[in-house]
Amino acid sequence: MKTVRGWLTHAFNEMRLEEVPYPELKPGWAIVKTKVVQPSVTEVQLFYGERSNSYDKVKKALTKGPQQLFGHEFCAEIVDVDEKNPYGLRAGDRVGATHTHIGTIGRDFPGCFSEYAAIPLDALAKMPDGVTDWEVAAIQPLTSCIFDVTALGVTLGDTVLVLGQGVMGLNCTQVAKAAGADTVIGVDRRDDILQMAKKLGADITINAAKENVVERVMELTEGQGVPFVIEAAVRRWDFPVALR
């Protein structure tokens, strides 16, 4: 059996680089060679056994022995693919991850914490030249933010409040502005991050460590409040929760 190197999680807080089976090419999937992979916040929490998204799924999987877990934020090159695929993807294409209807990459099936991985075609997007491999790896969390802002229906003239300006919050801030929001209010507890938020599109920033956020928002909106709130500050999740 052909093998490649990959990270196997043996238990919470125990991961080893070992030989793993070379992935099988299935209809509707591609075999990719990993170029860059980064752990998401949730994956780090899950590795340490914290109760985050998919905790029960990961815990159950580990009862069956070592597992190829994590690795859904990556840049990779397609090395094998069904030529009849409807996505127009070909061997040699450099791709990043989005989402798939099949499940979560690295939890429902092995992700890219290995030299090679099998990934559903609907989770792959061809990347243009000019975008670095490291930047491509950051595409996947951005797609979550695009989904939420689109689901909210943010458009021209809207006001959006984004709670938390970490990776996901900053992404949501930029996407909301790109969607046409007239006013984006960014909230965080760190002045340096709030300065970055302003550079990336936040019209107004609030330091929650220094101001009462509710009172400040009501003041800014003349008592009306905001129609759209994106919660991106919840520590145990790596995707935002959109509220309307």
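The values are calculated or read from the model by the stated rules, or taken from the named source; none is laboratory data. These numbers come from a predicted model, not from an experiment. Cβ: placed from backbone, ideal geometry, glycine included. Neighbour counts: every protein chain shown. Note: accessible area is taken over every heavy atom of the protein model, side chains too, but ligands, DNA and RNA are not part of it. Shrake-Rupley method; radii C 1.70, N 1.55, O 1.52, S 1.80 Å.
Any chance you could run the full-extension gain for residue 99 through residue 195? It's 0.36 nm times the residue separation minus the Cα-Cα distance, nm to one decimal.
Length gained, residue 99 through residue 195: 31.5 nm.
Work out the charge dipole of the chain with +1 on the Cβ of Lys and Arg and -1 on the Cβ of Asp and Glu about the Cα centre, then indicate which of 10, 167, 112 is farthest towards its positive end.
The Cα lying farthest towards the positive end belongs to 10.
List the extent of the Cα atoms of the chain along each of their three principal axes, largest first, rounded to whole Å.
Answer, in whole Å and largest first: 68, 39, 28 Å.
Tell me, rounded to the nearest percent, the portion of alpha carbon pairs in the stretch 107-244 spaced more than 18 Å apart.
Here the tail beyond 18 Å accounts for 58 percent of pairs.
What is the angle, in °, between the Cα long axis of helix 167-178 and the longest principal axis of the Cα atoms in the chain? Nearest 10 is fine, range 0 to 90.
Taking the Cα atoms of the chain, the angle to 167-178 is about 60 degrees.
I want to check the label-to-label distance for residue 84 and residue 13. Put each point 7 Å from Cα in the C-beta direction and report it in nm to one decimal.
That separation, rounded to one decimal, is 5.1 nm.
Just the Kirkwood number for the stretch 76-188, please: inverse of mean 1/r across all distinct Cα pairs, in Å, one decimal.
15.8 Å
Can you give the Rg to Rh ratio for the stretch 45-117, taking only C-alpha atoms and Rh from Kirkwood?
1.03
Counting pairs of alpha carbon atoms under 8 Å apart in space and at least six apart in sequence, what relative contact order in percent does the chain give?
Reported relative contact order: 17 percent.
Compute the length gained on full extension between residue 134 and residue 212: take 0.36 nm times their separation in residues and subtract their Cα-Cα distance, giving the result in nm to one decimal.
Gain in length upon complete extension: 24.4 nm.
Can you list the aspartates and glutamates whose alpha carbon is less than 19 Å from that of residue 84, not counting same-chain residues fewer than 8 positions off?
24, 93, 122
What's the magnitude of the charge dipole for the stretch 98-208 around its Cα centre, counting Lys and Arg as +1 and Asp and Glu as -1 at the beta-carbon? Answer in Debye, nearest 20.
In total the dipole reaches around 180 debye.
Taking Cα pairs under 8 Å and at least six residues apart, what relative contact order does the stretch 12-126 come out at, in percent?
Here the relative contact order equals 34 percent.
Computed over the Cα atoms of the stretch 20-153, what is the ratio Rg over Rh, Rh following Kirkwood?
Rounded to two decimals, Rg/Rh equals 0.97.
Taking R0 as 45 Å, what's the FRET efficiency between residue 60 and residue 222 from their Cβ-Cβ distance, rounded to 0.05?
0.35
Which log10 I(q)/I(0) values does the stretch 120-173 give at q = 0.14, 0.16, 0.20, 0.27 Å⁻¹ under the Debye formula, counting every alpha carbon as one identical point scatterer?
One equal scatterer on each Cα of the stretch 120-173 leads to -0.48, -0.61, -0.85, -1.12.
Which order do 47, 12, 74 take when ranked by solvent-accessible area (1.4 Å probe, heavy atoms of all protein chains), largest first?
Ranked list, largest accessible area first: 12, 47, 74.
Could you tell me how far the Cα centroid of the stretch 144-193 sits from the Cα centroid of the stretch 1-56, in Å?
31 Å
Please state the charge dipole magnitude for the stretch 1-115, taken about the Cα centre, from unit charges on C-beta atoms (+1 on K and R, -1 on D and E), reported in debye and rounded to the nearest 20.
Roughly 160 debye for the stretch 1-115.
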